[in-house]
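As structure tokens, the structure follows; a few thoughts come after it.
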Amino acid sequence: MSEVKEDKPPLLAGVVGFPIGHSRSPLLHGYWLKRYGINGFYIPLSLSTADFVAGIRSLPRLGFKGVNVTIPHKVSMLGLADSVSDRAALIGAVNTVTFKEDGSIRGDNTDGYGFIQNMRQHAPNWDPRSGPALVLGAGGAARAVISALLGEGVTELRLANRTRQRAQILADQFGAKVQVIDWNRATDAVDGAMTIVNTTSLGMQGQPELNISLDLAPKAATVTDLVYAPLVTPFLEQASALGLKVVDGLGMLLHQGVPGFEMWFDQRPEVDEGLRMAVLGK
Ligand code: NAP
């Protein structure tokens, strides 16, 4: 009996992490699939560290075009990919994977791209070259933000992290434009900073607040927080009360999904209010 051939099977992509139940990426990509009427699915895939390599390698054979990769696999994915983009190499982590026709695995990192696009969309007058940037935190997200800000031409980047050593490692990697500031001097480093970014997990639901005063910030400064649950963090509330321009972190999540969706489903998707509402579950 001859094998039945399917003309056009649905396009498949997903997000791989552990745990994965909290991920908002299925809402994000699901909204776009419906909006553009694409015959495709975006599936949350729970893969423990022990199963990660075998799991990823099985996906192209199951028909997956690619996947997003999230905690705790972003760094391991860098080693597993056959090739990686310059920005993924610089950030030291992969969040977007494409399985190519020749069987190879391509890794990219779109977090920095998402960060910049979010700033451009919600603070159109923001100019990264207008003055120093202050980045709070030196974890995985900070790497993406620092490389993106330097890529946009920021000439002075002040970096403060609770564990100074982690900030120093990033400063050594990213070069002389990055100056390490003691965590307990971060309030002083707000003085003159035109771009102020919280990349720590402080302010997230269930976490303590980020207690750094913005009183010394220039009136024209733009303040953003990568935390998006809650959408308006106490840090952003403080910035708004001082009359500073504020950008919440949800748009970064939405924009970072664009390049992957375009590669897997052959459609450049738009980030609009409808998408924000869908991802917020409204
Ligand atoms: P991570 O690698 O675990 O880094 C966590 C950072 O928070 C570190 O700098 C850590 O400082 C700091 N921190 C944690 N608890 C602290 C405390 N009590 N006091 C002072 N600093 C503290 O995490 P990540 O992946 O960078 O993510 C950081 C945040 O960004 C999370 O809330 C995540 O949800 C958010 N995020 C958002 C987006 C988006 O699209 N909007 C994308 C990525 C991440 P130490 O080095 O001293 O531990």
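Just so it is clear, none of the values below were taken in a lab; they were calculated from the coordinates. These figures come from a predicted structure and were not determined experimentally. Counting neighbours? That spans all protein chains shown, and the Cβs are built from the backbone with ideal geometry, glycine included.
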Practice prompt. Work out the charge dipole of the chain with +1 on the Cβ of Lys and Arg and -1 on the Cβ of Asp and Glu about the Cα centre, then indicate which of 131, 119, 145 is farthest towards its positive end.
Written response: 145
Worksheet item: If each of residue 6 and residue 27 carries a label point 7 Å out from its Cα toward its Cβ, how far apart are those two points in nm?
Response: 2.9 nm
Worksheet item: What nm distance separates the two modelled labels at residue 121 and residue 155, each placed 7 Å from Cα along Cα→Cβ?
Response: 3.1 nm
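Order the peptides 110-121, 178-189 from the highest to the lowest mean number of other Cβ atoms within 10 Å of their residues. Before the final figure, lay out each step's value.
On the way: 110-121: 22.1, 178-189: 16.3.
The packing order, highest mean first, is 110-121, 178-189.
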Item to complete: Taking every pair of alpha-carbon atoms in the stretch 111-150, give the share separated by more than 17 Å as a whole percent.
Response: 28 percent
Worksheet item: Taking the C-alpha atoms of the stretch 9-80, how large are the radius of gyration and the largest Cα-Cα span, Dmax, in Å?
Response: 12.3, 36
Discussion item. Given Cβ point charges of +1 (Lys, Arg) and -1 (Asp, Glu) and nothing else, what value in debye, to the nearest 20, does the dipole of the chain about its Cα centre take?
Written reply: 180 debye
Discussion item. Nearest 10 degrees is fine. How inclined is helix 164-174 to the longest principal axis of the chain, computing both from alpha carbons?
Written reply: 70 degrees
Worksheet item: residue 54 to residue 272: extension gain in nm, 0.36 nm per residue of separation minus the Cα-Cα distance?
Response: 74.8 nm
Worksheet item: What ranking, highest mean first, results for peptides 233-240, 134-141 when packing means the other Cβ atoms within 10 Å averaged over each residue?
Response: 134-141, 233-240
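Which value results for Rg/Rh of the chain when Rg is the Cα radius of gyration and Rh the Kirkwood radius based on the inverse mean 1/r? Can you show the working numbers first?
Working: Rg = 19.7 Å, Rh = 19.7 Å.
Value, to two decimals: 1.00.
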Worksheet item: Using alpha carbons only, how many degrees (0 to 90, rounded to 10) separate the axis of helix 25-35 from the longest principal axis of the chain?
Response: 60 degrees
Discussion item. If I model a spin label as a point 7 Å beyond the Cα along the Cα-Cβ vector, how far apart are those points for residue 215 and residue 280 in nm?
Written reply: 3.2 nm
Item to complete: Report the extension gain between residue 39 and residue 182 in nm, rounded to one decimal, defined as 0.36 nm multiplied by the number of residues separating them, less their alpha carbon distance.
Response: 46.3 nm
Worksheet item: Using only the Cα atoms of the stretch 112-248, what do you get for the radius of gyration and for Dmax, in Å?
Response: 13.3, 36
Response to the item:
Of the listed links 34/100; 177/245; 34/245, those spanning more than 27 angstrom between alpha carbons are 34/245
Worksheet, complete the sentence: Measuring from the longest principal axis of the C-alpha atoms of the chain, the long axis of helix 111-122 (C-alpha) lies at a number of degrees, nearest 10, equal to 60 degrees
